[in-house]
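Asker: Have a look at this one before I ask anything.
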Amino acid sequence: MTTIGIIGGTGVEDTSLFGSLTPLETATPFGTVHCFKGTVGQNTVYFMARHGTHHSVPPHRIPYKANIFALKKLGVTEILSFTAVGSLNPGLTPGTFVVTNQILDFTKNRDHTFFDGQGHPVCHVDFAYPYCPVMRERLIRCLAKKNIRHAKAGCYVVTEGPRYETAAEVRMFACLGGDVAGMTQMPEAVLAREAEMCYANVSIVTNMGSGLSWTPLSHEEVTAMMAENSKKIAAVMHAYLTDESKPVSVCQCHAAASAVGGFHTEDF
């Protein structure tokens, strides 16, 4: 049995996707976290709505450190993330599921590390490849199995938000190699690496990026596209949670902080 955390972004906030779940609170040094616990197949699952169950928390105020710390404290070993994104790549049209493999971080005012040197050791984790290859392999297999249109890779550009990007920024991000743009993968992904948990993300393209569509972007457009794809998202989650195939890939996620003796919640 594996203990898996699922973090749902915009449009992935409805706990009914998982059937019967039990709400719980977990205290952390960074604040109290609310999530839900359930069982799917042979796995214990903890579900967390990134923006709150009523989408009340903007991306720059999400308690990233508390969320990741809570999942670690609960015994989670791998985190599956879902995000809504705009496309910077004409080949990634709305409705495409993207198993992201790289990150460009343009956030400005977020706390990006547990290892801040203030009573804790300084640790420089390897982040060359931000996402767990074992989890990505499994996700790609599940998407193919469910016959869902998807891209096996994509570079996620993280912006500060909550505003959408300018048309000039979108052109720049695309020139730098970005494929999709969103507001929530950092510092979430690096904190999961520091906490020595596997982490992977599926981005659902809800719209073309700023300046690439004929109409202004709106939150309603994003939520409508996510609602349209809710059954596919649920199918991917269930396929992932019940997949028993042996991986070909290997990862070192659980040894990321070995230079300082590992990450232990009791040290905080």
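The values are calculated or read from the model by the stated rules, or taken from the named source; none is laboratory data. Since we're looking at a predicted model, the values are computed, not measured. Every residue, glycine among them, receives a Cβ derived from its backbone with ideal geometry; neighbour counts consider all protein chains shown. Surface areas here come from the heavy atoms of the whole protein model, side chains and all, with no ligands, DNA or RNA. Shrake-Rupley method; radii C 1.70, N 1.55, O 1.52, S 1.80 Å.
Asker: Looking at the stretch 85-125, which of the residues that are of a type in the set (D, E, K, R) and touching a residue at least 24 places away in the same chain (Cβ under 8 Å) is least open to solvent (accessible area, probe 1.4 Å)? So that I can check it myself, show each step before the final result.
Answerer: Pass one, the stretch 85-125, residues of a type in the set (D, E, K, R): 105, 108, 110-111, 116.
Narrowing further to those that are touching a residue at least 24 places away in the same chain (Cβ under 8 Å): 105, 108, 110-111.
Values: ASP105: 64, LYS108: 141, ARG110: 29, ASP111: 82 Å².
The qualifying residue least open to solvent (accessible area, probe 1.4 Å) is ARG110.
Asker: Select from the stretch 38-59 the residues that are open to solvent by 20 Å² or more (accessible area, probe 1.4 Å) and touching a Lys or Arg at 6+ places or on another chain (Cβ under 8 Å) and list them in ascending order.
Answerer: THR44, VAL57, listed by residue number.
Asker: All but one of (1) within 27 Å of SER213 (Cβ to Cβ); (2) open to solvent by less than 30 Å² (accessible area, probe 1.4 Å) hold for CYS35, so report the exception by its number.
Answerer: Status for CYS35: all satisfied but (1).
Asker: Report yes if some residue within the stretch 41-52 is part of a loop (DSSP other than H, G, I, E, B), at positive phi, in contact with a Leu (Cβ under 6 Å, 6 or more places away or on another chain) and not acidic (Asp, Glu); otherwise report no. Outline the logic, then answer.
Answerer: First, pick out the residues of the stretch 41-52 that are part of a loop (DSSP other than H, G, I, E, B): 41-42, 50-52.
Adding the requirement that they be at positive phi leaves 41, 52.
Okay, now just the ones that are also in contact with a Leu (Cβ under 6 Å, 6 or more places away or on another chain), so 41.
Filter once more, so that each one left must be not acidic (Asp, Glu): 41.
Looking through the stretch 41-52, at least one residue is part of a loop (DSSP other than H, G, I, E, B), at positive phi, in contact with a Leu (Cβ under 6 Å, 6 or more places away or on another chain) and not acidic (Asp, Glu).
Asker: Could you run through the stretch 43-72 and say how many residues are over 17 Å from THR10 (Cα atoms), modelled with pLDDT under 95 and touching an Asp or Glu at 6+ places or on another chain (Cβ under 8 Å)?
Answerer: Total satisfying the criteria: 0.
Asker: Here's something else I'd like to know. For the stretch 251-264, indicate whether the set of residues that are in contact (Cβ under 8 Å) with a residue 40 or more places away in the chain, outside any loop (DSSP other than H, G, I, E, B) and under 19 Å from the mean Cα position of the chain (by Cα) is non-empty.
Answerer: Yes, the stretch 251-264 contains at least one residue that is in contact (Cβ under 8 Å) with a residue 40 or more places away in the chain, outside any loop (DSSP other than H, G, I, E, B) and under 19 Å from the mean Cα position of the chain (by Cα).
Asker: Could we say that VAL202 is touching a Leu at 6+ places or on another chain (Cβ under 9 Å), modelled with pLDDT of 90 or more and either outside any strand (DSSP E or B) or of a type in the set (Phe, Trp, Tyr) (or both) here? Spell out how you get there, then give the answer.
Answerer: Numbers: touching a Leu at 6+ places or on another chain (Cβ under 9 Å): yes; modelled with pLDDT of 90 or more: yes; either outside any strand (DSSP E or B) or of a type in the set (Phe, Trp, Tyr) (or both): no.
Answer is no for this residue.
Asker: Next question, about the same structure. Give the residue, chosen from THR215, THR206, that is in contact with a helix residue (DSSP H, G or I) (Cβ under 9 Å, 6 or more places away or on another chain) and open to solvent by 30 Å² or more (accessible area, probe 1.4 Å). Show your work before the answer.
Answerer: Working: THR206 fails: open to solvent by 30 Å² or more (accessible area, probe 1.4 Å).
Being in contact with a helix residue (DSSP H, G or I) (Cβ under 9 Å, 6 or more places away or on another chain) and open to solvent by 30 Å² or more (accessible area, probe 1.4 Å) holds for just one of THR215, THR206, which is THR215.
Asker: Considering each residue of the stretch 174-197, count those that are closer than 20 Å to SER249 by Cα and either surrounded by fewer than 24 Cβ atoms within 10 Å (Cβ to Cβ) or among the basic types (Lys, Arg) (or both), and give that number. It would help to see each step written out before you state the result.
Answerer: To start, the set of residues in the stretch 174-197 that are closer than 20 Å to SER249 by Cα comprises 189, 192-193, 196-197.
From what's left, either surrounded by fewer than 24 Cβ atoms within 10 Å (Cβ to Cβ) or among the basic types (Lys, Arg) (or both): 193, 196-197.
Residues meeting the conditions: 3.
Asker: Separate question: Can you find a residue that is within 22 Å of ALA224 (Cβ to Cβ) and either in contact with a Gly (Cβ under 6 Å, 6 or more places away or on another chain) or assigned to a loop (DSSP other than H, G, I, E, B) (or both) anywhere in the stretch 63-76? Lay out the reasoning, then the answer.
Answerer: Our first condition is that a residue be within 22 Å of ALA224 (Cβ to Cβ); within the stretch 63-76, this holds for none.
No: zero hits.
Asker: Sticking with this structure for a sec: Test each condition in (1) buried (at least 21 other Cβ atoms within 10 Å of the Cβ); (2) over 28 Å from SER210 (Cα atoms) for ALA27 and report the one that comes out false.
Answerer: Of everything listed in (1) buried (at least 21 other Cβ atoms within 10 Å of the Cβ); (2) over 28 Å from SER210 (Cα atoms), ALA27 misses just condition (1).
Asker: Right, something else. If you take the residues in the stretch 2-36 that are modelled with pLDDT of 75 or more and assigned to a loop (DSSP other than H, G, I, E, B), which one is farthest from LYS231 (Cα to Cα)?
Answerer: Filtering the stretch 2-36 down to residues modelled with pLDDT of 75 or more leaves 2-8, 21-36.
After this cut, where a residue has to be assigned to a loop (DSSP other than H, G, I, E, B) as well, the list is 2, 21, 29-30.
On the way: THR2: 24, LEU21: 18, PRO29: 36, PHE30: 34 Å.
Here the answer is PRO29.
Asker: Could we say that ALA168 is outside any loop (DSSP other than H, G, I, E, B) and in contact with a helix residue (DSSP H, G or I) (Cβ under 7 Å, 6 or more places away or on another chain) here?
Answerer: Spelling it out, it is not the case that ALA168 is outside any loop (DSSP other than H, G, I, E, B) and in contact with a helix residue (DSSP H, G or I) (Cβ under 7 Å, 6 or more places away or on another chain).
Asker: Please find, among ALA144, ALA167, ALA128, the residue that is farther than 21 Å from SER230 by Cα, modelled with pLDDT of 95 or more and either open to solvent by 20 Å² or more (accessible area, probe 1.4 Å) or of a type outside the set (A, V, I, L, M, F, W, C) (or both).
Answerer: From the options ALA144, ALA167, ALA128, the qualifying one is ALA128.
Asker: Does the stretch 207-243 hold any residues that are among the charged types (D, E, K, R) and in a loop (DSSP other than H, G, I, E, B), and which are they?
Answerer: ASP243
Asker: Which members of the stretch 131-161 meet the condition of being assigned to a loop (DSSP other than H, G, I, E, B) and under 21 Å from ILE103 (Cα atoms)? Spell out the reasoning first.
Answerer: Quick first cut of the stretch 131-161, residues assigned to a loop (DSSP other than H, G, I, E, B) only: 131-132, 146-149, 152-154, 160-161.
Scanning the stretch 131-161 gives TYR131, CYS132, LYS152, ALA153, GLY154, GLU160, GLY161.
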